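Worksheet: the structure to be examined is printed underneath.
The values are calculated or read from the model by the stated rules, or taken from the named source; none is laboratory data. For clarity, every value in this text was computed on a predicted model and none was experimentally measured. Every residue, glycine as well, gets a Cβ built from its backbone with ideal geometry; the counts of neighbours run over all protein chains shown.
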Amino acid sequence: MSILCCGLVCLDQVTVVRKYPLEDTDQRSINQYKTRGGNASNSCTVLATLGMKPTFFGTLAYDAENLSPETRYVLDSFQKAGVTVHPDCPKFPGHICPNSVILLNEQNGSRTIVHTNLGLPELLLEDFTKLDLAGFTWIHFEGRNNTELLKILQHLQSLPEENRIKFSVEVEKVGRNHEEFIPYADLVLVSKDIAKSHGCSNKEDAIKNFYHKVKLGCRLIVAWGEDGAAGTIRTDEEAVVLSSPAFPPTSGVVDTIGAGDTFNAAMIACTCLNIPLQQSLTTACKVAGKKVGIQGFSNLGNIQEFLQ
């Protein structure tokens with residue numbers, strides 16, 4: 001399955017600490033490393049590990065006419081992970097690669113992120129419409145850049161049926177009007193934070209809240225962290241809500257960086273493979289559970305077995 005993932009790639013500087021620091025205090029870190037990050041970028045990595053063929057499409061920063069060292073690092077990382085970077089990714093000289101400083105708490109695996117993006121332009125509808133989409137079976141969009149992404153989703157929905165490619169969209173960030181994306185996609189992935197901002201107290205209530213906002217046939221999914229995930233398929237009838245518990249690692253939570261991106265990737269893979277919704281929810285929760293039990297993504301191992 002060839003999947004185009006559209007969104008952000010950035011450089012993450014991760015510092016592992018014994019406990020989350022109090023303000024204006026000192027402590028030594030346990031470890032520090034850099035890695036490629038960004039929601040769409042992380043989902044690409046997991047999709048590749050699941051045996052899919054992901055292609056990343058997003059804007060890239062250059063120093064003058066050459067790749068910046070940070071951009072070269074993330075491109076090399078994509079290659080090592082088996083992810084194709086689309087050759088038509090828009091490139092912007094004189095910009096700095098977005099980056100995140102992340103504190104990773106050894107006690108519980110929580111991550112605290114300070115993200116820096118000093119004006120690298122976002123994808124435009126014009127960038128997207130130049131692409132030849134014929135080779136892709138699915139397109140996934142990281143929820144960002146509200147105005148332009150809405151135009152892109154509307155463009156995809158308006159294509160003739162013979163040219164139409166199914167697509168998914170992530171609705172994650174609160175207060176950015178990303179709820180406007182919900183009516184368009186074939187798979188809508190709503191975050192716990194978004195659901196709670198709409199007054200939902202659990203995953204089942206969240207499904208019922210957003211059910212009539214998605215189009216007929218859409219898979220609506222709400223992940224709820226340690227309480228697993230719920231989902232439904234929109235019909236003309238009332239919502240039939242399915243759910244899965246979480247599958248926490250037996251050795252404890254180590255690293256929650258990219259846990260949501262991992263869940264999303266697994267759900268996208270299951271949807272592309274026409275795996276039934278109940279099995280898809282369980283599979284995505286299992287894959288996410290395995291990820292939070294390890295540091296990073298490189299040791300995910302044979303997670304393809306979860307798709308069987």
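Things to note:
- The residue that is surrounded by the fewest Cβ atoms within 10 Å (Cβ to Cβ), counting only those in the range 1-29 that are under 26 Å from Pro69 (Cα atoms) and touching an Asp or Glu at 6+ places or on another chain (Cβ under 8 Å), is Val16.
- Only a single criterion out of (1) touching a helix residue (DSSP H, G or I) at 6+ places or on another chain (Cβ under 9 Å); (2) within 26 Å of Met267 (Cα to Cα); (3) assigned to a strand (DSSP E or B) is not satisfied by Asp12, namely (1).
- Count of residues meeting criterion [part of a loop (DSSP other than H, G, I, E, B) and either at pLDDT 95 or above or surrounded by 13 or more Cβ atoms within 10 Å (Cβ to Cβ) (or both)] in the range 119-137: 9
- Looking only at residues of the range 1-47 that are of a type in the set (Val, Ile, Thr) and more than 27 Å from Leu120 (Cβ to Cβ), we find that the one that is nearest to the chain's Cα centre (by Cα) is Val16.
- Subset of the range 195-228 (residues that are of a type in the set (Phe, Trp, Tyr) and not in a loop (DSSP other than H, G, I, E, B)): Phe210, Tyr211
- Some residue of the range 269-277 being buried (at least 24 other Cβ atoms within 10 Å of the Cβ), farther than 30 Å from Ile30 by Cα and within 18 Å of the chain's Cα centre (by Cα): yes
- Any hit, the range 238-246, residues being in a strand (DSSP E or B), modelled with pLDDT of 95 or more and either within 16 Å of the chain's Cα centre (by Cα) or of a type outside the set (A, V, I, L, M, F, W, C) (or both): yes
- Among residues of the range 15-52, those that are in a strand (DSSP E or B) and either of a type outside the set (Phe, Trp, Tyr) or on the phi > 0 side of the Ramachandran plot (or both), counted: 9
- Filter result for the condition that a residue is outside any loop (DSSP other than H, G, I, E, B) and under 26 Å from Asn302 (Cα atoms), over Tyr62, Tyr73: Tyr73
- Residue check for Val46: crowded, with 16+ Cβ neighbours inside 10 Å, farther than 16 Å from Ser77 by Cβ and hydrophobic (A, V, I, L, M, F, W, C): no
- Filtered residue count, the range 90-107, keeping only those that are in a loop (DSSP other than H, G, I, E, B) and exposed (fewer than 13 other Cβ atoms within 10 Å of the Cβ): 2
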